[in-house]
Amino acid sequence: MAPAAFFEYATGLSHMNYRRGRGYAALMAKREQVEAHSDSLLLRMLQKRGVPDSEFRGFRENIPQGHSALMVYGLGLLDEHSTSATRELVAMFDASDKRLCQLPDTDVSGLLAEIGLQSELGPDYCAPLAVRAIRGPTLVLSASERTILDLALNRRAHMALSFLAAVDHEIGHRLDRAKLPDAMAGLPRFAVLLAPPGPPDRRRHIPAGPAARLVDFIGAFGHYVREGSWSERPLPIADMGARAELSGTRLGEGDRFVRGLRSGKDPLTRKSFRTLVRTQFWTPKAKPADLDDSADLLETYLVATLLLSLLLPDHPTAAGHMDRTGWREAYLRWWERHKHRYPAPAPSTGSLPPAWLIDP
């Protein structure tokens, strides 16, 4: 959904509150109404997933309030087993966001303090990013307003990359603790979604943004699960399409399904992602429950893909493509910054992923 549409869906308040910059004020003014709407929405979602009504109150009480904490919780990574590093990071982000939301519209100095060097987030979150640009709204602004917007976008990008790096490490901790096989142990998982930019003089650009890389990764991972080995290069769309048709899920349109997701022509939704995982992990002996479990475990990659796609700007000359300059390196820096705060991972089980995937 568009942000304004999601605001209305999640709160029950008019989307115009969001569009006019009064979202937080409207939430506070009608807090009881919003909470009742939220509870009703959550109850319907849980009922669809088979959760008994009798368990709703306990479920509701365990849900955190902060946006960053809620995202990690929704991924199944925020509970009594979570590392202190992840808990502290999301608490810091949520506190900073809350301070920003509560600032009066006229408090420019307070705004600059929260998005600049004085912020409790620290100087790393306002350091210039070595990328060509950051995706943001197209607005007509004065020079001073443009400076403030650029600072805010820079801060947001650092927070997103830091958040993903923390989730990346938390996944490894969780798999290690559960003694589950982990082919990506000790590797930056979400870096597979960020390919380096192609040659600047290239005339024909192939899809290589986060969505395309996610499709390639799921194809390669499916091959690994089925065959016990990684593919030496990205699987052709025809091969992935054939696998989709063999699964019985996309009869007669396997190629179109894979190509649409990879090119960005078709939206990468939770439903389409889970269908992609099921088709690529399918074998004649595969149980539906096992395919669903695989989709659940890999859903963090979908979240990372969507988040990165909100950051990467459009390519300056190639319509329909993203400018990937500097983003892989920026993510790897945050991954390294967080690394020392998490338990050392157990050695990877099985063969390492191929270079085209982890070191393109």
Residue 155 fails exactly one of the following numbered conditions: (1) of a type in the set (D, E, K, R); (2) crowded, with 23+ Cβ neighbours inside 10 Å; (3) in contact with a Cys (Cβ under 9 Å, 6 or more places away or on another chain). What is the number of that condition?
(2)
Residues that are open to solvent by 60 Å² or more (accessible area, probe 1.4 Å) and under 23 Å from residue 306 (Cβ atoms), drawn from segment 50-72
65, 67, 70, 71
Residue among 106, 138 that alone is free of Cβ contacts under 8 Å to residues at least 60 places away in the same chain, of a type in the set (Ser, Thr, Tyr) and closer than 18 Å to residue 313 by Cβ
138
Based on what the data block shows, is residue 103 under 26 Å from residue 121 (Cα atoms), open to solvent by less than 60 Å² (accessible area, probe 1.4 Å) and not basic (Lys, Arg)?
yes
Going residue by residue through segment 338-351, is there one that turns out to be in contact with a strand residue (DSSP E or B) (Cβ under 8 Å, 6 or more places away or on another chain) and surrounded by fewer than 16 Cβ atoms within 10 Å (Cβ to Cβ)?
no
With respect to residue 168, is the statement that it is within 23 Å of residue 355 (Cα to Cα), outside any helix (DSSP H, G or I), in contact with a helix residue (DSSP H, G or I) (Cβ under 7 Å, 6 or more places away or on another chain) and touching a residue at least 40 places away in the same chain (Cβ under 8 Å) true?
no
Condition check for residue 37: open to solvent by 40 Å² or more (accessible area, probe 1.4 Å), touching a residue at least 24 places away in the same chain (Cβ under 8 Å) and over 30 Å from residue 169 (Cα atoms):
yes
Of the residues 31, 44, which is closer than 20 Å to residue 97 by Cα, open to solvent by 90 Å² or more (accessible area, probe 1.4 Å), at pLDDT below 95 and not polar (S, T, N, Q)?
31
From (1) buried (at least 19 other Cβ atoms within 10 Å of the Cβ); (2) under 13 Å from residue 210 (Cβ atoms), pick out the condition that doesn't hold for residue 335.
(2)
Quick test for you: out of 164, 194, pick the one residue that is at pLDDT 95 or above, of a type outside the set (Lys, Arg) and over 22 Å from residue 81 (Cβ atoms).
194
So, first residue closer than 13 Å to residue 279 by Cα in segment 226-255, second residue not in a helix (DSSP H, G or I), Cβ within less than 6 Å, six or more apart or across chains; the pairs are 226/283; 244/250; 245/251; 247/282
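The values are calculated or read from the model by the stated rules, or taken from the named source; none is laboratory data. Everything numeric in this text was worked out from a predicted model, so none of it was measured. Heads up, the Cβs are rebuilt from the backbone with ideal geometry, glycines too, and the neighbour counts pull from every protein chain shown. SASA here: full protein model, heavy atoms, side chains in, ligands and nucleic acids out. Shrake-Rupley method; radii C 1.70, N 1.55, O 1.52, S 1.80 Å.
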